[in-house]
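Contents: one structure, followed by commentary.
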Amino acid sequence: MNKILPALVLSLIVLTAQAQPPKVVISQVFGAGGLTGSPLSHDFVELFNASDEAVVLDGWSIQYSPATNNRWATGTVNLTWIIKPGHYYLIQLNGKEGIGKPLPEADLVATVNVDISATSGKVALVNTIAALQGNCPAAKELVDFVGFGTADCFEGAVAPATSNSRSIMRISNGCADSENNATDFTAVAPGPRNSRSAANLCNGGSITVAAVTGLPFCITNNNEASGVVSFVGNRS
């Protein structure tokens, strides 16, 4: 005998695309803007949202210190943006017009004097605007950190040095994050990306559904960008 059951009984269902905590990372750093032999007119730092959620950057900062120094207060850039999943955020720093090509339209043009070294340094993404302290800060406010070249602080091991023609770029288009700067970054020709660049969803936009109890169902809407799905299944 057939009978109509409740629409669907779920003991546990994961609706997000392989959900993970919100994670924004430093995805590229270039410090030779406007120098002889540089392909670009300005320094830049690029961020990437490797998570499945939009992240509000208001009240956050990018902070820079020379390779073996603790002068974080002189290199603090206050951020303001909502960065979507799989999207980039381009911050234009110091440079010199007329030498090298201009950057793509930056999402933020820094109004403070931040002149990143062409070869070595330390860049931190911090969820406050308070300046970091010490050569190798361990503040709980740190979201991401990269030391490159001859830097005295880094995650795991130091990332490669940059040059007049090379940036350091996080591999897998920003998705790699083993907490080791040496393996997560590679030195390449700079390729700055901004919020209008093609998105790169780290999980491929797949949807995970687990431990479903009850009736057969089908996914009627798979929105990869938001991780939202709709279910239909109400009888046997």
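Leaving out ligands and nucleic acids, note down the accessible area per residue over the range 111-198 with a 1.4 angstrom probe, in whole Å².
Values: 3760 Å² over 88 residues.
The answer is 43 Å² per residue.
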Under a point spin-label approximation (7 Å from Cα along Cα-to-Cβ), what is the residue 138-residue 94 distance to one decimal in nm?
3.1 nm
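Of the peptides 79-86, 117-124, how do they stack up when ordered by the mean number of other Cβ atoms within 10 Å, highest first? Show your work: numbers first, answer last.
Numbers: 79-86: 18.6, 117-124: 22.6.
Per-residue mean Cβ counts within 10 Å order the peptides as 117-124, 79-86.
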May I ask you to list the aspartates and glutamates whose Cα is less than 15 Å away from that of residue 101, ignoring any residue fewer than eight positions away on the same chain?
43
Compute the length gained on full extension between residue 157 and residue 109: take 0.36 nm times their separation in residues and subtract their Cα-Cα distance, giving the result in nm to one decimal.
14.3 nm
Can you tell me what percent of all Cα-Cα pairs in the range 20-100 are more than 17 Å apart?
54 percent
Segment residue 188-residue 71, length gained on full extension (0.36 nm per residue, minus Cα span):
39.4 nm
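The values are calculated or read from the model by the stated rules, or taken from the named source; none is laboratory data. All of these numbers come straight from a predicted model, not from anything done at the bench. Cβ coordinates were reconstructed from backbone atoms using ideal geometry, including for glycine residues, and neighbour counts include every protein chain displayed. Areas reflect the complete protein model, heavy atoms only, side chains present, ligands, DNA and RNA absent. Shrake-Rupley method; radii C 1.70, N 1.55, O 1.52, S 1.80 Å.
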